[in-house]
1. Sort out which residues of segment 111-148 are surrounded by 12 or more Cβ atoms within 10 Å (Cβ to Cβ), modelled with pLDDT of 75 or more and in a loop (DSSP other than H, G, I, E, B), and write them in order of number.
2. If I go through segment 17-36 residue by residue, how many of them are closer than 30 Å to Ala117 by Cβ and either modelled with pLDDT under 90 or not in a strand (DSSP E or B) (or both)?
3. From Ser74, Ser108, Ser81, Ser99, grab the single residue that is of a type outside the set (A, V, I, L, M, F, W, C), part of a strand (DSSP E or B), loosely packed, with under 14 Cβ neighbours inside 10 Å and modelled with pLDDT of 90 or more.
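The values are calculated or read from the model by the stated rules, or taken from the named source; none is laboratory data. The model shown is predicted, which means the values in this text are computed figures rather than measured ones. Neighbour counts run over all protein chains shown; Cβ positions are idealised from the backbone, glycine included.
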Amino acid sequence: MRKQLLLSFVATFLLFVPGAFAHTHLVSTNPAEGETVDENIKNIDLTYEGKIEEGSIFKVLASDGKEMEIHSISVNDGVLSGIMLDPLPNDTYTVEWDSISEDGHPLSGSFSFAVNAPAESKKEEDNAADTTEKIADDVDSLVDTLKDETNSDDNDEGSFWTLVIVITLIVLVLAVITMYSYKRWLVKKTKK
């Protein structure tokens, strides 16, 4: 009986082992580690090898330690994206990130980059058409991100129910094996 019970537990354990090695890691960033950006930037993207979960965040710190204000952060499969409230001024920045991989493991790290963009002329700053176009692009980007998140939420719900069904089946199989083993043990005991 003990051997059968032990074999059942080992089989169950081996069923879940492949998921234990499914950790994800950061593959690339935009801007890249150590890059000097020569234009105004408002978007920062972190791309991971696998999916990451909602709740993943990052913060952008200037060289003096001041935290830069982020307008919004979104998660789309393996990409963590942030839109800054204002374009980053010329400086050196450190991005400190904390993410949650699809299997629930916390991930963290940091990378640095610099901004060395030419100063804008007063005429460009006052150009309302450019500002309107930038806002429209940001709104379009947010709408696309929300659509993608809505679609991925539907898939996540299916994955959850699949996991519940698999775990229920495993528990049922273990219960049947345990009852069968107990019955055999009881029969052997009563024969003695």
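1. Listed by number, the list holds a single entry, Ala117.
2. Initial filter on segment 17-36 (closer than 30 Å to Ala117 by Cβ): 26-36.
Within this subset, residues satisfying the condition of being either modelled with pLDDT under 90 or not in a strand (DSSP E or B) (or both) are 31-35.
Number of matching residues: 5.
3. Numbers: Ser74 fails: loosely packed, with under 14 Cβ neighbours inside 10 Å; Ser81 fails: loosely packed, with under 14 Cβ neighbours inside 10 Å; Ser99 fails: loosely packed, with under 14 Cβ neighbours inside 10 Å.
After applying the criteria, what remains is Ser108.
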